[in-house]
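Scroll down for the structure; my scribbles are underneath it.
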Amino acid sequence: MTTLRTDRLLLRPFQLTDADDVYAYACDSEWGRYLPVPSPYEYRDAVEFVARSVLTSWDVNPAFAICLNGRCVGGINIRVDASRGTAEIGYSIAREHWGRGLVSEAAMAVMDWAFNEFGLAKITAMADLANTRSSRVMEKLGMRRDGVLRSERPSDADPGTRQDMVVYSVLRDEWRARTPA
Ligand SMILES: CC(C)(COP(=O)(O)OP(=O)(O)OC[C@H]1O[C@@H](n2cnc3c(N)ncnc32)[C@H](O)[C@@H]1OP(=O)(O)O)[C@@H](O)C(=O)NCCC(=O)NCCS
């Protein structure tokens, strides 16, 4: 397992003791609006999320807690498909920290690490088409918009409706061209 440091953040594996911090930001319905999470979000959902993050194999789905000033304020995971040489990144952070460039900073470090660690050819990311903040993060990371998957999945936050998902990706050579090795 790995720990990464950026200018402002510590990115480390989740610990069972993170459940209180996770619940504190995840019980905010605005945080979960575009995410496949239960609504309302209960404390046991936080415990389950943290336990899953701890138990899931690091080789297949490394999940980092985003830590700021000693508290876990978000998470960033990368689901690896070794046979294809691809991975899908996912991220979130507490609402009080939105708009400070923290997720972009965290994702930059995790993607840099993952391209090397797993010898990836491509990293993708997916967001609800309406989640413009998330699309903006992907663009700032140098990802290109591949297209939109229409009516891709049922919305948890708005039962009876379905989500259109936008897909972004960056290839290994494109990533290398923008970040020195
Ligand atoms: C999406 C999310 C991860 C972004 O994290 P963040 O740390 O706020 O991201 P950043 O600060 O790096 O960038 C956000 C960008 O969105 C822009 N933005 C802010 N409000 C916006 C709005 N209403 N519409 C569009 N863009 C907006 C910001 O200006 C910033 O771009 P800029 O740096 O060019 O100015 C965060 O909002 C979040 O955790 N949301 C809840 C969970 C979630 O939706 N996760 C993504 C699932 S795919």
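The values are calculated or read from the model by the stated rules, or taken from the named source; none is laboratory data. No experiment lies behind these values; they were computed from the predicted model shown. Cβ sites come from the backbone with ideal geometry, for glycine too, and all protein chains shown count toward neighbours.
Looking across segment 39-69, the residues that are surrounded by 20 or more Cβ atoms within 10 Å (Cβ to Cβ) and touching a residue at least 60 places away in the same chain (Cβ under 8 Å) come down to Pro62, Phe64.
Inside segment 158-181, residues that are aliphatic (A, V, I, L, M) and either in contact with an Asp or Glu (Cβ under 9 Å, 6 or more places away or on another chain) or at positive phi (or both) make up a count of 3.
Scanning segment 121-140 for residues that are hydrophobic (A, V, I, L, M, F, W, C), farther than 28 Å from Cys27 by Cβ and surrounded by 15 or more Cβ atoms within 10 Å (Cβ to Cβ) yields a single hit, Ile123.
Table: residues versus (1) over 22 Å from Thr3 (Cα atoms); (2) in contact with a strand residue (DSSP E or B) (Cβ under 7 Å, 6 or more places away or on another chain); (3) among the β-branched types (Val, Ile, Thr).
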site: Pro62; (1), (2), (3): no, yes, no
site: Ala65; (1), (2), (3): no, yes, no
site: Ile78; (1), (2), (3): no, yes, yes
site: Tyr91; (1), (2), (3): no, yes, no
site: Arg100; (1), (2), (3): no, no, no
site: Val110; (1), (2), (3): no, yes, yes
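Looking at segment 80-98 only, could you name the residues that are of a type in the set (A, V, I, L, M, F, W, C) and more than 10 Å from the ligand (Cβ to nearest atom)? Residues satisfying the conditions are Val80, Ala82, Ala87. For segment 40-50, state whether one or more residues are among the hydrophobic types (A, V, I, L, M, F, W, C) and within 27 Å of Val170 (Cβ to Cβ). Yes: one or more hits. Residue check: Val110 meets all listed conditions (1) out of contact with any Pro (no Cβ under 9 Å at 6 or more places or on another chain); (2) modelled with pLDDT of 95 or more but one, namely (1).
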